[in-house]
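Heads up, the thing below is written out as structure tokens.
The values are calculated or read from the model by the stated rules, or taken from the named source; none is laboratory data. These numbers were taken from a predicted model, which means no experiment stands behind them. Cβ atoms come from the backbone with ideal geometry, glycine included; neighbour counts cover every protein chain shown.
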């Protein structure tokens, strides 16, 4: 089955934002140091569309990333949006997405955005704890988030909320409280980013001076595992967990500390599957010399676990001699089937497990 959803990313590096959040260095994160012109955006979209086969059968969106879009000079905003709107009117582009700050949202701004066809807005919330926001240099409050969401929900756009874990002054209680408050705001989707210490940021100075301690990879996985289950129980999709690896965003290059891993989400899902399997074996008292475990193709690596950790865990704890892993794309998203020697079938899925675990 071919890819059906394509995103054309347009990076507007650190434009429209007078704040320097302690963790932020957009030039390092995006790999871009120069502004992008509307003409370059037009060419970029055309070139990207030329690479997509059977375009009329695909869902393609233009996404403005990298800065606080609604804080850019209005003239620059409109020139960029005019290009995106032109392509959307052709029918080849289905959505226009942008990200911005909660305090850069007003009714007049939304009215302008929807005029140009903007259909998805993501807010960089990061935390719903004012102390954490202050220590992180965000320059907005939790109340700004609530007000922005109220305004956005008056318009025909989808809402995404982004949160970060491990910010200065953060802890597990505050992180879970942020997640609960985001759930109360009923977004269409969320993103979860562990805080990384990037070169040439104030957070790097704090880290080197011993004033900031980065989360370990193990702790970040544990926290994100619970968050993923929490949002799953609330039926809010989590479309990303962890920063996407690029040439710059690699530990030891521009990232000097923090829980970075190129397959971070897979590690989080692997922990969830391990817990799901353990729960199911205990609940159903499964005993068998060998078993077959079935899961959707995209989850096979998560089910097996890094270096076969999940397979070995089940083998050792429940005295299984052989485990066969099979893909079954007819299963529900996040569902596991276990077939025993006697032919019994035991089933569990992420949503059911989340309902019981959280």
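A few comments on the model shown:
- Selection within region 137-154 - buried (at least 24 other Cβ atoms within 10 Å of the Cβ) and either at positive phi or not in a helix (DSSP H, G or I) (or both): 138
- The lone exception for residue 348 - which of (1) at pLDDT 95 or above; (2) over 19 Å from residue 218 (Cβ atoms); (3) surrounded by fewer than 19 Cβ atoms within 10 Å (Cβ to Cβ) it fails: (3)
- Qualifying residue in region 335-347 (condition: in a helix (DSSP H, G or I) and on the phi < 0 side of the Ramachandran plot): no
- Residue in region 225-233 that is touching a helix residue (DSSP H, G or I) at 6+ places or on another chain (Cβ under 7 Å), in contact (Cβ under 8 Å) with a residue 12 or more places away in the chain, surrounded by 18 or more Cβ atoms within 10 Å (Cβ to Cβ) and assigned by TED's automatic domain parsing to the domain that holds residue 349 present: no
- Within region 1-18, considering residues that are out of contact with any strand residue (DSSP E or B) (no Cβ under 7 Å at 6 or more places or on another chain) and surrounded by 14 or more Cβ atoms within 10 Å (Cβ to Cβ), the one modelled with the highest pLDDT: 13
- Residue match in region 193-211 (condition: touching a helix residue (DSSP H, G or I) at 6+ places or on another chain (Cβ under 9 Å), modelled with pLDDT of 95 or more and assigned to a helix (DSSP H, G or I)): no
- Qualifying residues in region 212-232 (those that are in contact with a strand residue (DSSP E or B) (Cβ under 8 Å, 6 or more places away or on another chain) and assigned to a helix (DSSP H, G or I)) - the one farthest from residue 168 (Cα to Cα): 232
- Selection count where residues are buried (at least 17 other Cβ atoms within 10 Å of the Cβ), free of Cβ contacts under 8 Å to residues at least 40 places away in the same chain and assigned to a loop (DSSP other than H, G, I, E, B), scope region 280-321: 3
- Figure legend. Inter-residue proximity from region 257-271: first residues touching a residue at least 60 places away in the same chain (Cβ under 8 Å), second residues buried (at least 18 other Cβ atoms within 10 Å of the Cβ) and assigned to a strand (DSSP E or B), beta-carbon distance below 8 Å, spacing 6+ or different chains. Indicated pairs: 257/197; 258/194; 258/197; 259/194; 260/194; 264/194; 264/241.
- Some residue of region 170-191 being farther than 30 Å from residue 107 by Cβ, in contact (Cβ under 8 Å) with a residue 12 or more places away in the chain, part of a helix (DSSP H, G or I) and within 15 Å of the chain's Cα centre (by Cα): no
- Residue 217 vs. criteria at pLDDT 95 or above, surrounded by 15 or more Cβ atoms within 10 Å (Cβ to Cβ), farther than 30 Å from residue 156 by Cβ and touching a helix residue (DSSP H, G or I) at 6+ places or on another chain (Cβ under 9 Å): yes
- Residue in region 267-276 that is surrounded by fewer than 17 Cβ atoms within 10 Å (Cβ to Cβ), at pLDDT 95 or above and part of a helix (DSSP H, G or I) present: yes
- Meets criteria (crowded, with 21+ Cβ neighbours inside 10 Å, closer than 20 Å to residue 97 by Cα and at pLDDT 95 or above) for residue 132: no
- Of 89, 58, 76, all but one fail to be surrounded by fewer than 17 Cβ atoms within 10 Å (Cβ to Cβ) and touching a residue at least 60 places away in the same chain (Cβ under 8 Å); the exception is 76.
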